[in-house]
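Here is the structure we will look at.
The values are calculated or read from the model by the stated rules, or taken from the named source; none is laboratory data. Small disclaimer: the values here were computed from a predicted structure and weren't measured. Virtual Cβ from ideal backbone geometry, glycine too; neighbours counted across all protein chains shown.
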């Protein structure tokens, strides 16, 4: 157990935000978990994550030692795009969970990676090497760290917004603008704990989009570039501007095109290699169900691929 102490010098931010901004190794979501498990004390007492810190508050954060990694490697076929001693880039299929969690203890990308390669326990018990994640029903590219050096470098690039992540999404309605930016803070929905929502005290979230193709007034194919990487960011941001993702069971309308979940694909990924410093870029084509749906729409609306 490691104990971290600091005294609040400014007044105002929430407790979870204050912790994540003061202690660089702790994310806001990790701070939330520590607060829920009573590992955080403010002036010797437990408080909730939304507690507004006051100047002079003494905050103690106990960080439990990482548990021993006890995950079963599983022989699951993976689409490895690139791999060396530090980094691995994988094309995750739609329907696969990235890392174990309540309700999904196995058959995850992590289980498959542990069978494929040696992943040190460098990022928590159930997330070894996982730098970022995409939702179960989102397909596409993920970068995985295979060393401490790579983990620190890739995580820092995400934090500094220097890595590049582009997604292809099919949304409801016709977006009139050719390009746009959605800048709206995200946090857990106060009405439904399973959902994220636009909340005033949420984490900064920015999504840039560009229209690729329109299908009448009913659907639009777009490219999204993430400036930040919050949970469900694209899905919530597109719903926020009244263009929810097609097939999205959580944020989309009931009347939608059936598929295997939301039509969202992480198509492009770029970053600076942790050890060589070289700028590397990777692309992967849309999954077959996405391609088939687009071709059906082109036939229906008499449009051509741009």
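What to note about this one:
- Total residues in segment 221-235, condition more than 16 Å from residue 133 (Cα to Cα) and in a helix (DSSP H, G or I): 0
- Hits in segment 25-41 (condition: in contact with a helix residue (DSSP H, G or I) (Cβ under 9 Å, 6 or more places away or on another chain) and either surrounded by fewer than 19 Cβ atoms within 10 Å (Cβ to Cβ) or under 21 Å from residue 231 (Cβ atoms) (or both)): 26, 27, 28, 29, 30, 31, 32, 34, 35, 39
- If you check 149, 171 for being more than 30 Å from residue 289 (Cβ to Cβ) and not in a loop (DSSP other than H, G, I, E, B), only one passes: 149.
- Cβ-Cβ contacts under 6 Å between residues 6 or more apart (or on different chains), taken from a first residue in segment 231-259 that is more than 19 Å from residue 175 (Cα to Cα) to a second residue that is not in a loop (DSSP other than H, G, I, E, B), are listed as 231/196; 232/196; 259/289.
- Answer from 17, 50, 68, 85 - the residue that is modelled with pLDDT of 85 or more, out of contact with any strand residue (DSSP E or B) (no Cβ under 6 Å at 6 or more places or on another chain) and assigned to a loop (DSSP other than H, G, I, E, B): 85
- Residue list for segment 199-220, filter: buried (at least 22 other Cβ atoms within 10 Å of the Cβ) and part of a strand (DSSP E or B): 207, 209, 219, 220
- Count - residues of segment 223-243 that are in contact with a helix residue (DSSP H, G or I) (Cβ under 8 Å, 6 or more places away or on another chain) and buried (at least 22 other Cβ atoms within 10 Å of the Cβ): 2
- Test for residue 101: is it within 18 Å of the chain's Cα centre (by Cα), modelled with pLDDT of 90 or more and not assigned by TED's automatic domain parsing to the domain that holds residue 26: no
- Breaking point among (1) touching a strand residue (DSSP E or B) at 6+ places or on another chain (Cβ under 6 Å); (2) surrounded by fewer than 22 Cβ atoms within 10 Å (Cβ to Cβ); (3) not in a strand (DSSP E or B), for residue 154: (2)
- Flag if residue 283 is modelled with pLDDT of 95 or more, out of contact with any strand residue (DSSP E or B) (no Cβ under 9 Å at 6 or more places or on another chain), over 18 Å from residue 135 (Cβ atoms) and not assigned by TED's automatic domain parsing to the domain that holds residue 90: no
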